[in-house]
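Heads up, the thing below is written out as structure tokens.
Every number here is computed from the coordinates shown, using simple stated rules; none is lab data. Predicted model, so just to flag it, every value in this text is computed and none were measured.
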Amino acid sequence: MSDPVDIERLRQGLRFKDRLAGREFHFQTTWGLFSPRGIDEGTRLLVDLMEVPADADCVDLGCGYGAIGLAMAAQAPGGRTLMLDKDFVAVDHARANARLNRLGNAEALLSNGFGQVPPGRRFDLVASNIPAKVGRELLTLLLYDARARLRPGGAIYVVSINGLRQFLRRNLQDIFGDYKKLKQGRTYTVARAHRGGA
């Protein structure tokens with residue numbers, strides 16, 4: 001007979017701390033969110049390679065519990081960081097983690113992509129750890145919408161499993177007219193594209 005499951009312990013959620021972008025963060029997470037027990041390799045690679053100006057207005061697209069967004073907010077104290085996710089549990093945890101880490105310049109919004117973001121709001125930087133199962137149609141929409149919301153000269157950084165690498169290269173090149181692979185690891189690839197023009 002197996003040991004009884006400690007349901008109440010499972011309901012309490014999880015807590016951990018880790019360093020990102022040279023700063024220690026505390027995170028509250030829960031089962032069902034992506035990588036709930038610690039920062040995943042793709043997120044860490046993305047944060048390490050991003051260049052975040054101190055006054056940048058940023059977006060963490062598909063924020064989960066907020067690791068990328070909070071790292072951007074900490075590096076851009078003169079800007080505002082918006083964390084977006086279509087999962088209300090993720091948004092609740094991203095908000096809680098912004099408070100926990102005293103990052104008043106970070107906010108989280110329940111939104112499928114940019115759907116609930118006020119139409120006139122523009123950004124300098126968009127970052128996303130692309131979920132492997134998001135679907136190519138939605139991913140194409142997200143990239144088009146990200147370009148539309150970036151200010152001229154703004155950048156998008158994405159990390160994806162290597163299986164999506166060529167798809168992202170083609171689409172970033174088509175949509176942004178720009179693509180640079182920053183690093184390809186054993187499992188993940190980080191890429192960047194800039195928005196040109198007016």
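Some observations on this one:
- For the stretch 1-80, the mean projected area of the C-alpha convex hull, equal to one quarter of the hull surface, is 6.4 nm².
- What separates the Cα centres of the stretch 29-53 and the stretch 133-194 is a distance of 17 Å.
- Of all DSSP beta bridges in the chain, antiparallel share, percent nearest 5: 50
- Along each principal axis, Cα extent of the stretch 1-146, largest first, Å: 58, 35, 25
- Largest first, the extents of the alpha carbon coordinates of the stretch 118-165 on the three principal axes equal 33, 18, 13 Å.
- Largest-first ellipsoid semi-axes for the stretch 120-198, taking √(5λ) over the Cα gyration tensor eigenvalues, angstrom: 20, 13, 11
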